[in-house]
Amino acid sequence: MSAESKKVKLAIVDCAYCGGCEIAIADLGLELLSLLSQKVDLVYAPILMSARDYGPVDVAFVMGAIRFVEDIKAVKEAREKAKILVAFGTCPAFGSLSTLANLYTTEELLESAYVTAISMEHGGKKTIPSENVPELVNEIKPLSDYVKVDLTLPGCPPPLEVIRAGFDALLSGQSPGGKKE
């Protein structure tokens, strides 16, 4: 990957998610600060910075389920820009609890959220919005159904030991298969 004197460029690509994976990374505490100051150049992370785009990166972490058409575009872009693409957490790896939505049609889900939900009984419009609404995919699938995934860090969120091992492997110049690059 990168020489030791060069920082690893990292992008964090968020899809439909709860934010738990970013919190798990933040739980590294001082280790994270050390990584960011010495070994990792975080170039894209919408939850942390206002950067709207990023160039080629060494590693891209994809977090969250592929729920929107825009998510598909984002992960395909990440695959093009990253040498190594990581499914970070259960959502991109397997679809997570979000796949329960697959039990219903998109129309049924929208009807439930905007028309028949209990919260709509007291003054809600009871209409499905048609403007400024992200387009849902018909079925939530794992990230690997859309792009090649090089490494999976499982868990909801991944345990600190798994995150540390992932960073160690990526920063040591090992490919996801365990071989030095």
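Since every read-out is calculated from the coordinates, none of them should be taken as a lab result. In this text, all values refer to a predicted model and were calculated from it rather than measured experimentally. No Cβ is skipped: glycine too gets one built from the backbone with ideal geometry, and neighbour counts run over all protein chains shown.
When the chain is modelled as a GNM with alpha-carbon springs shorter than 10 Å, which of A65, A87, A74 fluctuates the most?
The residue with the greatest mean-square fluctuation here is A74.
If you take every residue apart from L100 with its C-beta less than 13 Å away from the C-beta of L100, what net charge results, scoring Lys and Arg +1 and Asp and Glu -1?
-1
Quick one: helix 69-81 against the long Cα principal axis of the chain, what's the angle to the nearest 10°, folded into 0 to 90?
On a 0 to 90 degree scale, this one is about 10.
Select from I118, I23, I12 the residue whose mean-square fluctuation is largest in a Gaussian network model of the chain (Cα-Cα springs shorter than 10 Å).
Ranking I118, I23, I12 by mean-square fluctuation puts I118 first.
What net charge is computed for the residues neighbouring L28, neighbours being all others with C-beta under 14 Å from the C-beta of L28, Lys and Arg scored +1, Asp and Glu -1?
Overall, the nearby charge balance is -3.
In the structure shown, do any of K81/K141; K39/K148; K73/K126; K7/K83; K81/K148; K9/K76 have a Cα-Cα gap over 20 Å, and if so which?
Correct reply: K81/K141; K39/K148; K73/K126.
Given Cα pairs under 8 Å that are at least 6 residues apart, what percent is the relative contact order of segment 36-181?
27
Against the longest principal axis of the chain, how steep is helix 160-171, in degrees 0 to 90 to the nearest 10, with axes from Cα atoms?
It works out to around 50 degrees.
If each DSSP helix of 4+ residues adds -39,500 (n - 2.57) and the sum is divided by the residues in the chain, what number results at 222 nm, nearest 500 deg cm²/dmol?
About -8000 deg cm²/dmol.
Please compute the Cα-Cα pair-distance distribution of segment 8-62 with 5 Å bins starting at 0, giving whole percents from short to long.
Cα pair-distance distribution for segment 8-62, in percent: 5, 18, 28, 30, 15, 4, 0.
Using modelled amide H (1.01 Å from N, peptide plane; none on Pro or chain starts), what sits under 5 Å from the amide H of G64, excluding residues fewer than 5 places away?
For G64, the qualifying residues are C15, C91.
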